[in-house]
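The values are calculated or read from the model by the stated rules, or taken from the named source; none is laboratory data. Just so we're clear, the structure is a prediction, and the values are computed from it rather than from any experiment. Every residue, glycine among them, receives a Cβ derived from its backbone with ideal geometry; neighbour counts consider all protein chains shown. In case anyone asks, the SASA skips ligands and DNA or RNA and just uses the protein heavy atoms, side chains included. Shrake-Rupley method; radii C 1.70, N 1.55, O 1.52, S 1.80 Å.
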Amino acid sequence: MSLKLVAVMTLITLMVPTFAQAQLDCIVPTREEGFDPKQPGATELQRAARAVAAIVQQNAVFMQGNKPVRIRTTINYGGWDRQSASVVTTAYNQKAWLAGGCKVSKFADRGGGLSDGTLAIFINKPEALFGGHLGDAELKASGMPVPLGNTAGFPIYAGGGNKDNPRLLMSRAGYEPWVPVTIADMLDWRERELKKKEEEYQASIQQNGNELTEAKIEEIYHDMKKINAADAEKTRTQLLASLKKMRADSTRQSAKAAQWTTQQRQAFDAYRTSFTPAQLAMPGTISNSLTPDKVIRVDDPAGKPLAKVDPAYTQRDPQHIHLIVVGLSPQPKTDPNYAWFNASLKALDYAALAKLLSE
């Protein structure tokens, strides 16, 4: 056992007698994934990510574990539109351990009770304050983060508007890296969806042009005749008899689809033009509410407001650390690890993390 590990374990024993029965078995080597040294600010981001990992591993409560644990940090680099990092440190219980050194199973992060808790910290990653992805390729949106309070002097938000997903935000001067999705944004998104349906309808019409015809029936008949003449005659008779009905059904379905598509387009265009320029700039919402003409509303007061990353954020210097987000989701109170993990969150050195922010 290394002197460094002995020192860490001794510090844990002295500082946290409450969990004296638990112990740190070993620290699994850190994994770093997705690092691209060619990206602007890559070196600075990596330096900050490794500093975060070190701060977490100095959290005596977390490192002690609720039961014997092996600790591993995984650093993932990436992001929606810019370089960011996720620093995830996990305490693995003995179910995840492998023999032959300080190792854990390759399946250790797939659930099944192999870990007792995870501390997740995100650097320069505004979307860490969001929930699931809403919108499309052009509108990368999520539920609006909602203030929940503060801890250690930093604001806490419900990530994506979900109170079960609390996130602590560290930034300079209280900067919030998101802006509301406006009614105009929402209408643009809905119009792209409508246009996609119109294109699908046009494609279906072209496909119907390749449907069964007398010529194709004859082609089928001649191919079958080479194998079994009686079956070929029977099949041709059946196909010719059903051809008229098939054409009538196809014409009727196409007419209904064309009518629906036209009505949807007219209703949507009328709905869009009902907004003034000032209203278009107001925050939009997502809901199941419909207009009298069956258009999905984007201005329902009872709907869920959405947010997107502040466009100005992309203009910030990538060599600086602008944001640090800490996941604060606790274990369920019925979980035997709840007290330990909740204490681990409280024991995290938030002041040390905040010092990593660029001036």
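Filter the stretch 344-359 down to the residues that are within 16 Å of Ile123 (Cβ to Cβ) and among the basic types (Lys, Arg) and list them by number.
Lys355
Given the options Asp299, Asp317, name the one that is buried (at least 19 other Cβ atoms within 10 Å of the Cβ), part of a loop (DSSP other than H, G, I, E, B) and acidic (Asp, Glu).
It is Asp299.
Which of the following residues is farther than 21 Å from Asp188 by Cα and touching a Phe, Trp or Tyr at 6+ places or on another chain (Cβ under 9 Å): Leu328, Leu348?
Answer to the selection: Leu348.
If only one of Val56, Val28, Val52 is modelled with pLDDT of 95 or more, in a strand (DSSP E or B), among the hydrophobic types (A, V, I, L, M, F, W, C) and within 24 Å of Phe341 (Cβ to Cβ), which one is it?
Val28
Looking at the stretch 296-316, which of its residues are over 19 Å from Val179 (Cα atoms) and in contact (Cβ under 8 Å) with a residue 60 or more places away in the chain? Step through it out loud before you land on a result.
The initial filter retains those residues of the stretch 296-316 that are over 19 Å from Val179 (Cα atoms), namely 296-297, 302.
Within the stretch 296-316, Ile296 is the sole residue that qualifies.
Of all residues in the stretch 98-150, count the ones that are touching a residue at least 40 places away in the same chain (Cβ under 8 Å) and part of a loop (DSSP other than H, G, I, E, B).
Number satisfying all stated conditions: 9.
For Val309, indicate whether it is closer than 30 Å to Glu44 by Cβ and hydrophobic (A, V, I, L, M, F, W, C).
Judged against the criteria, Val309 is a match.
Here is a yes/no grid of residues against (1) in contact with a Ser or Thr (Cβ under 8 Å, 6 or more places away or on another chain); (2) under 30 Å from Ile286 (Cα atoms); (3) buried (at least 21 other Cβ atoms within 10 Å of the Cβ):
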position	(1), (2), (3)
Ala60	no, no, no
Arg70	no, no, yes
Ile75	yes, no, yes
Gly78	yes, yes, no
Thr89	yes, no, yes
Cys102	no, no, no
Phe107	no, no, no
Glu127	yes, yes, yes
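Is the stretch 206-219 home to any residue that is part of a helix (DSSP H, G or I), open to solvent by 60 Å² or more (accessible area, probe 1.4 Å) and touching a Lys or Arg at 6+ places or on another chain (Cβ under 8 Å)?
The answer is yes; a qualifying residue exists.
Return yes when Lys95 is open to solvent by 30 Å² or more (accessible area, probe 1.4 Å) and either touching a Phe, Trp or Tyr at 6+ places or on another chain (Cβ under 7 Å) or within 24 Å of Leu168 (Cβ to Cβ) (or both) and no when it is not.
Judged against the criteria, Lys95 is not a match.
Filter the stretch 156-178 down to the residues that are open to solvent by 40 Å² or more (accessible area, probe 1.4 Å), under 17 Å from Tyr313 (Cβ atoms) and without any contact (Cβ under 8 Å) to a residue 40 or more places away in the chain and list them by number.
Those that are open to solvent by 40 Å² or more (accessible area, probe 1.4 Å), under 17 Å from Tyr313 (Cβ atoms) and without any contact (Cβ under 8 Å) to a residue 40 or more places away in the chain: Ala173, Gly174.
Report the residue count in the stretch 269-286 for those that are of a type in the set (Ser, Thr, Tyr) and surrounded by 15 or more Cβ atoms within 10 Å (Cβ to Cβ).
Kept after step one, since they are of a type in the set (Ser, Thr, Tyr), are these residues of the stretch 269-286: 271, 273-274, 276, 285.
Within this subset, residues satisfying the condition of being surrounded by 15 or more Cβ atoms within 10 Å (Cβ to Cβ) are 271, 285.
Qualifying residue count for the region: 2.
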